[in-house]
Amino acid sequence: MEKINIGGQAVLEGVMMRAPRAMAIAVRRPSGEIVIKREAMPPLSERYPIVKLPILRGAVALFTSLVLGIKALNFSANEAIVEEENGEEKKEELSSWALAGTMATAFGFGIGLFFFLPLYLTKLLVPVIGDNNIVFNLVDGVIRVVVFLLYIWSISRMKDIRRVFQYHGAEHKTIFAFENGADLTLESVKRFSRLHPRCGTSFLLIVMLVSIAVFSLIPKAWPFVAKALSRIVLLPLIAGISYEFLKWSARNDRHPLVRMVIAPGLALQRMTTREPDDDQIEVAIRSVKEALDENNGYSDDRIVV
């Protein structure tokens, strides 16, 4: 059977795993029970072959990952925080409008924090750094990376986020075990690293670096508002280029030069992952097994972990 590629995402008290044609979410309730949601997900390329094109497929993958990620977080929040009333479990589901609002707010916050704020701060530094376009974009890129690292560091100190980062580590360990043909058992999975070269954290860092080069194409004579809005327009291009680089590096991760290039992303994962406990690994194993079962042997392109 052709190799099946698996990706995933840590959620609240659980893990979402994606196979090429399916996804599964496993969440541990406060009672200790593991609840599962699984769903068939036929690739968009079946209906729209154009999305297989390089660069474009990266932009599509980013958008679909955002939508699926928000849905997975919604499911996990509803299952992980189940209250009991008169001896019966009670939970409230977010409406579609609430889900869309949450996604829009999160996306807007990310754009403002990681793209608009660095641009504004760099603009304030023009009397110091001058108006050279290359210097301007380098300073803007450095500020963006620093803001990103400070953001990751600050949220990693929150108790609830640390648990999510533990599930992130469990997700990576389980995927590593599967990719190496190891048994999907607790003792087997525990042996593997929590740092994975195909991680979404590494992808975000690549996006930060690629954006430095892409944003340098924006004419320096443009007004601030035009520069800011153009960054939103260029996001799909940046995501597409970053996705292609991530796929290439994952295929060649044994080459010494590639190892050097991906080292910063792996180092960053020391912040965004934590060593999981046995219960968290058990949830990740259950999730990947359910995804593989729903996937039914189908194989396709790599998925970002």
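The values are calculated or read from the model by the stated rules, or taken from the named source; none is laboratory data. Note that the coordinates shown come from a computational prediction; the quantities given were computed from them, not determined experimentally. Cβ placement follows ideal geometry from the backbone for every residue including glycine, while neighbour counts extend to all protein chains displayed.
Out of the range 201-235, which residues are farther than 19 Å from Y120 by Cβ, more than 21 Å from the chain's Cα centre (by Cα) and in a helix (DSSP H, G or I)?
Answer for the range 201-235, where residues must be farther than 19 Å from Y120 by Cβ, more than 21 Å from the chain's Cα centre (by Cα) and in a helix (DSSP H, G or I): just A213.
In the range 141-190, which residue that is in contact with a Phe, Trp or Tyr (Cβ under 9 Å, 6 or more places away or on another chain) and of a type in the set (K, R) is nearest to A26 (Cα to Cα)?
K173
Checking the structure you have, find out if any residue of the range 248-270 is in contact with a strand residue (DSSP E or B) (Cβ under 7 Å, 6 or more places away or on another chain) and either assigned to a helix (DSSP H, G or I) or surrounded by fewer than 20 Cβ atoms within 10 Å (Cβ to Cβ) (or both).
Within the range 248-270, not a single residue is in contact with a strand residue (DSSP E or B) (Cβ under 7 Å, 6 or more places away or on another chain) and either assigned to a helix (DSSP H, G or I) or surrounded by fewer than 20 Cβ atoms within 10 Å (Cβ to Cβ) (or both).
Looking at the range 40-58 only, could you name the residues that are at pLDDT below 80 and assigned to a loop (DSSP other than H, G, I, E, B)?
Hit for the range 40-58 is P43, nothing else.
Here are the criteria: (1) touching a Gly at 6+ places or on another chain (Cβ under 7 Å); (2) farther than 30 Å from K159 by Cα; (3) surrounded by fewer than 19 Cβ atoms within 10 Å (Cβ to Cβ); (4) of a type outside the set (A, V, I, L, M). Tell me which single one G240 does not satisfy.
The single condition G240 does not satisfy is (3).
Does V189 meet the test of being within 17 Å of I6 (Cβ to Cβ) and among the hydrophobic types (A, V, I, L, M, F, W, C)?
yes
Within the range 5-22, which residues are assigned to a loop (DSSP other than H, G, I, E, B) and within 15 Å of the chain's Cα centre (by Cα)?
If the condition is that a residue be assigned to a loop (DSSP other than H, G, I, E, B) and within 15 Å of the chain's Cα centre (by Cα), then I6, L12 are the ones that fit.
Would you say E79 is among the charged types (D, E, K, R), part of a helix (DSSP H, G or I) and either modelled with pLDDT of 85 or more or within 19 Å of L235 (Cα to Cα) (or both)?
Answer is yes for this residue.
So, R163, is that one surrounded by fewer than 22 Cβ atoms within 10 Å (Cβ to Cβ), at pLDDT 90 or above, touching a His at 6+ places or on another chain (Cβ under 8 Å) and more than 16 Å from F116 (Cα to Cα) or not?
Judged against the criteria, R163 is not a match.
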